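> Mind looking over this structure? Questions follow.
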Amino acid sequence: MTELIVIRHGETEWNAEGRIQGHQDVHLNERGKMQADAAAERLRGESIDAFYCSDLKRAMQTAAPISDAVKSAIVADDRLREWKLGVLEGLVPGEAEVREPEAYRIYSEKDPEADIPGGESIRQRYERATHCVQEIVSEWPAGRIIVVTHGGVLDDLYRFSKTIALDAKRNWGLYNCGINIFRIENGNWTIENWGDIAHLAEIGSMADWEGEGIKDRG
C-alpha cells in the first residue's frame, strides 16, 4: 500500500484578491507562510519516503518548511503545476470577462475539453497531473509520499480517486495547506482523509480555487 499525502500550497495575495494565477509565479503572502509553517509542524517527525512538489514558487515555498520538518528532500516536477490559463492569468474575473470574453466563458463554465488561448484545457491538466502522480505512486509501491501542488491538481486527484466526471459540479473543499490523504493498494484509490485543516484553526484557510468564489474558514 502507498500512502499519498497531498497538500495545496499556502495562500498568496492573488488568492486573497481573487486574481487568476495559473502558471504565474506568485509568492506566498504572510498568511500563506504561516499556513506552511503550521502544516510543517503538523507533519513534523513523520516518516516520509519521497517528497514531490510543483516547481512554482508558491508551492516550493510551502514545501520548504515541510521538507525540513520531515527530513525529506524535495523533487520539483512541472507536471504538478496549476491549470495553465494563458490570456487570463493576472486578471481578476471582472477584467477577464471584458478583455477575454470567450476565454473567460471557457474558464467560468469549466468546459473540460476547451483550450484556454495560450493555455490548456482542464482535460490536458487532468491527464498530465494524474499521469504524473500515478507514476510517482508506481515508484513507491509501499511508501509514504508527500505531494505539494495546486487546487486544480488536488481537484483532479479527488475526481480520479472517485471516478467523478470532469464536468461534474464540485462540492468538496480545496483548502490552502489542508492535509489530504489517499491510500493506493493494488491500483485501487481510496481517500483516507480530506480537507483536514485542524492545524490552521488559528490561521484560517480559503477553500477557493480559480473562480469558485472565496470561502474563508477557520
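> Taking the conditions exactly as written (closer than 18 Å to Thr2 by Cβ and either surrounded by fewer than 21 Cβ atoms within 10 Å (Cβ to Cβ) or among the aromatic types (Phe, Trp, Tyr) (or both)), does Gly143 satisfy them or not?
So Gly143 fits the description; yes.
> Within segment 172-218, take every residue that is over 23 Å from Glu135 (Cα atoms) and of a type in the set (Ser, Thr, Tyr) and give me the one that is modelled with the lowest pLDDT.
In this case the residue turns out to be Ser205.
> Let me spell it out: the conditions are (1) assigned to a helix (DSSP H, G or I); (2) modelled with pLDDT of 95 or more, and Gln24 meets all of them except one. Which number is the exception?
If we test Gln24 against (1) assigned to a helix (DSSP H, G or I); (2) modelled with pLDDT of 95 or more, just (1) comes out false.
> Another question, if that's okay. Can you tell me which residue among Met34, Met60 is under 28 Å from Ala201 (Cα atoms), of a type in the set (A, V, I, L, M, F, W, C), surrounded by fewer than 20 Cβ atoms within 10 Å (Cβ to Cβ) and under 14 Å from the mean Cα position of the chain (by Cα)?
Met60
> Asp55: surrounded by fewer than 19 Cβ atoms within 10 Å (Cβ to Cβ), closer than 27 Å to Asp37 by Cα and acidic (Asp, Glu), yes or no?
Taking the combined requirement at face value, the residue satisfies it.
> What is the number of the single condition among (1) surrounded by fewer than 17 Cβ atoms within 10 Å (Cβ to Cβ); (2) within 16 Å of the chain's Cα centre (by Cα) that Ile66 does not meet?
Tallying (1) surrounded by fewer than 17 Cβ atoms within 10 Å (Cβ to Cβ); (2) within 16 Å of the chain's Cα centre (by Cα), Ile66 fails exactly one: (1).
> Now, a different point. Out of all the residues in segment 74-92, is one or more over 18 Å from Val147 (Cβ atoms), surrounded by fewer than 18 Cβ atoms within 10 Å (Cβ to Cβ), out of contact with any Gly (no Cβ under 6 Å at 6 or more places or on another chain) and not β-branched (Val, Ile, Thr)?
Yes, there is a match, as at least one residue in segment 74-92 is over 18 Å from Val147 (Cβ atoms), surrounded by fewer than 18 Cβ atoms within 10 Å (Cβ to Cβ), out of contact with any Gly (no Cβ under 6 Å at 6 or more places or on another chain) and not β-branched (Val, Ile, Thr).
> Residues in segment 132-154: is at least one out of contact with any Lys or Arg (no Cβ under 6 Å at 6 or more places or on another chain) and more than 24 Å from Ser67 (Cα to Cα)?
no
> Related question: What helices (runs of 4 or more DSSP H) completely inside segment 83-187 contain at least 1 residues that are β-branched (Val, Ile, Thr) and farther than 30 Å from Ala201 by Cα?
It comes to 93-99, 101-109, 122-139.
> Output the qualifying pairs, or none if there are none: Cβ atoms under 6 angstrom, residues six or more apart or on different chains, first residue in segment 167-195 and farther than 27 Å from Met34 by Cα, second residue of a type in the set (D, E, K, R) and surrounded by fewer than 22 Cβ atoms within 10 Å (Cβ to Cβ).
That search, which allows pairs on different chains as well, returns Arg183/Glu3; Arg183/Glu192; Thr190/Arg183.
> For segment 167-186, give me each residue that is over 16 Å from the mean Cα position of the chain (by Cα), surrounded by fewer than 20 Cβ atoms within 10 Å (Cβ to Cβ) and aliphatic (A, V, I, L, M).
Ala168
> Give me the pairs: first residue in segment 103-118 and at positive phi, second residue modelled with pLDDT under 95 and among the small types (Gly, Ala, Ser), beta-carbon distance under 9 Å, and six or more apart or on different chains, which are they?
Note: pairs meeting the criteria are Lys110/Gly211.
The values are calculated or read from the model by the stated rules, or taken from the named source; none is laboratory data. What you see is a predicted model, and the numbers here were worked out from it, not measured in a lab. Ideal geometry is used to build each Cβ from the backbone, glycine not excepted, and the neighbour counts take in all protein chains shown.
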